[in-house]
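Undergrad: Can you read through this structure? Questions will come right after.
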Amino acid sequence: MSPHSKVRRIRVLIADDHPVTRDGLAALLGRRPDFEVMGEACNGEQAVSMASSLQPDVILMDLRMPVLDGFAAIEQIVRSHPNAGILVMSTYDGDEDVRRALRAGARGYLLKDSSREQVWEAVRAVFSGGNAISPSLVPQMAAALTQPELTRRELEVLRCLSRGESNKAIAL
């Protein structure tokens with residue numbers, strides 16, 4: 001490849017309410033010639049607006065942000081841009097957060113303790129139309145997939161418990 005040829009850079013939007021995290025991700029991506037940080041959003045509402053105006057290839061999205069959380073921001077972005085490449089970056093490793101983010105339309109979920117190589121590869125995977133999950137989350141996600149669904153009666157018992165009904169009343 002000649003030094004004058006243009007390489008298509010992956011355009012990234014970073015959405016996180018912590019300035020140090022945004023700065024760190026921007027610096028991490030800036031080390032690579034194949035990434036371009038287009039903007040930084042400090043809340044979910046700003047992420048939605050910037051995603052629409054900047055049309056990034058990949059959005060790195062935190063889940064816990066002010067004004068509009070990451071889950072709602074993902075849903076709004078995907079509603080208007082169904083092919084948006086959203087990669088969640090979170091400290092939360094609960095399988096419900098992972099499932100909820102993926103159901104909202106994220107194509108990947110990385111923990112913030114991921115290595116720089118894992119971040120680079122995940123961004124590339126999402127850009128290419130694939131998915132990316134933190135390797136440490138795979139065992140718990142696989143275990144969740146093998147858990148049986150609750151029966152109708154088990155769900156009924158849980159609803160009764162949530163209403164504060166007694167064991168005697170639930171047993172009837």
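Undergrad: Determine ³J(HN,Hα), in whole Hz, for all residues of segment 10-24 in sequence, where each value follows from phi through the Karplus function 6.51 cos²θ - 1.76 cosθ + 1.60 and θ = phi - 60°; x replaces Gly and Pro.
TA: Result, ordered by residue: 7, 8, 10, 10, 9, 10, 7, 7, 9, x, 5, 5, 4, 4, x Hz.
Undergrad: So for each of 70-80, 160-170 I average, over its residues, the number of other beta carbons within 10 Å; can you give me the resulting order with the highest mean first?
TA: Values: 70-80: 20.2, 160-170: 10.5.
Listed from highest to lowest mean packing, they are 70-80, 160-170.
Undergrad: Nearest 20 debye, what's the magnitude of the dipole of the chain about its Cα centre given +1 on Lys and Arg Cβ and -1 on Asp and Glu Cβ?
TA: Values: 21 positive and 22 negative charges, 80 e Å.
About 380 debye.
Undergrad: Let me ask you something else. Sketch the reach of a paramagnetic label on Val7 as a point 7 Å from Cα along Cα-to-Cβ, and name the residues of segment 18-39 whose backbone nitrogen lies under 15 Å away.
TA: Once the point is set 7 Å along Cα→Cβ of Val7, 29-37 turn out to lie under 15 Å by backbone N, inside segment 18-39.
Undergrad: Using just the helices of the chain, give the 222 nm mean residue ellipticity in deg cm²/dmol: DSSP H runs with n ≥ 4 each add -39,500 (n - 2.57), and the total is spread over all residues, rounded to 500. It would help to have the intermediate numbers written out before the result.
TA: Working: 8 runs with 81 residues, N = 172.
Roughly -14000 deg cm²/dmol at 222 nm, from the helical runs in the chain.
Undergrad: Over the alpha-carbon set of segment 1-94, divide Rg by the Kirkwood Rh and report the Rg/Rh ratio to two decimals.
TA: Details: Rg = 13.7 Å, Rh = 13.6 Å.
Here the Rg-to-Rh quotient is 1.01.
Undergrad: OK, next. Would you mind checking which residues have amide H under 5 Å from Ile59's amide H? H placed 1.01 Å from N; only 5 or more apart, or other chain.
TA: Excluding prolines and chain starts, which carry no amide H, the hits are Leu13, Gly85, Ile86, Leu87.
Undergrad: A follow-up question, please. What accessible area per residue, rounded to a whole number of Å², is obtained for segment 24-172 using a probe radius of 1.4 Å? Mind showing how you got there, number by number?
TA: Values: 8250 Å² over 149 residues.
Accessible area per residue, segment 24-172: 55 Å².
Undergrad: How large a share of the accessible area of the chain, in percent, is made up of carbon and sulfur atoms when the probe is 1.4 Å and the other protein chains stay in place? The partial results should precede the final answer.
TA: Working: 5310 of 9940 Å².
It is 53 percent, rounded to a whole number.
Undergrad: Rg and Dmax in Å for the chain, alpha carbons only: what are they?
TA: Here Rg and the maximum Cα pair distance are 19.5, 79 Å.
Undergrad: What residue among Arg153, Arg107, Arg32 has the largest mean-square fluctuation in a Gaussian network model of the chain, using Cα springs under 10 Å?
TA: For the chain, modelled as a Gaussian network with Cα springs under 10 Å, the answer is Arg153.
Undergrad: Who wins for biggest fluctuation among Val123, Val157, Val12 in a Gaussian network model of the chain, springs between alpha carbons below 10 Å?
TA: Answer for the Gaussian network model of the chain: Val157.
Undergrad: Let me ask you something else. Got a sec to turn the phi values of segment 125-139 into Karplus ³J(HN,Hα) couplings, 6.51 cos²θ - 1.76 cosθ + 1.60 with θ = phi - 60°, whole Hz, x for Gly and Pro?
TA: Result, rounded to whole Hz: 5, 5, 4, 7, x, x, 10, 8, 10, 3, x, 5, 8, 4, x.
Undergrad: Give me, ordered by chain and number, the residues 5 or more places off Lys112 or on other chains with an amide H under 5 Å from its own placed amide H.
TA: Long-range HN contacts for Lys112: Ser90, Thr91.
The values are calculated or read from the model by the stated rules, or taken from the named source; none is laboratory data. Values in this document were obtained by computation on a predicted structure and should not be read as measured data. We place every Cβ from the backbone using ideal geometry, glycine too, and count neighbours over all the protein chains shown. Ligands, DNA and RNA are stripped out before the accessible areas are found, and what is left, the full protein with its side chains, is counted by its heavy atoms. Shrake-Rupley method; radii C 1.70, N 1.55, O 1.52, S 1.80 Å.
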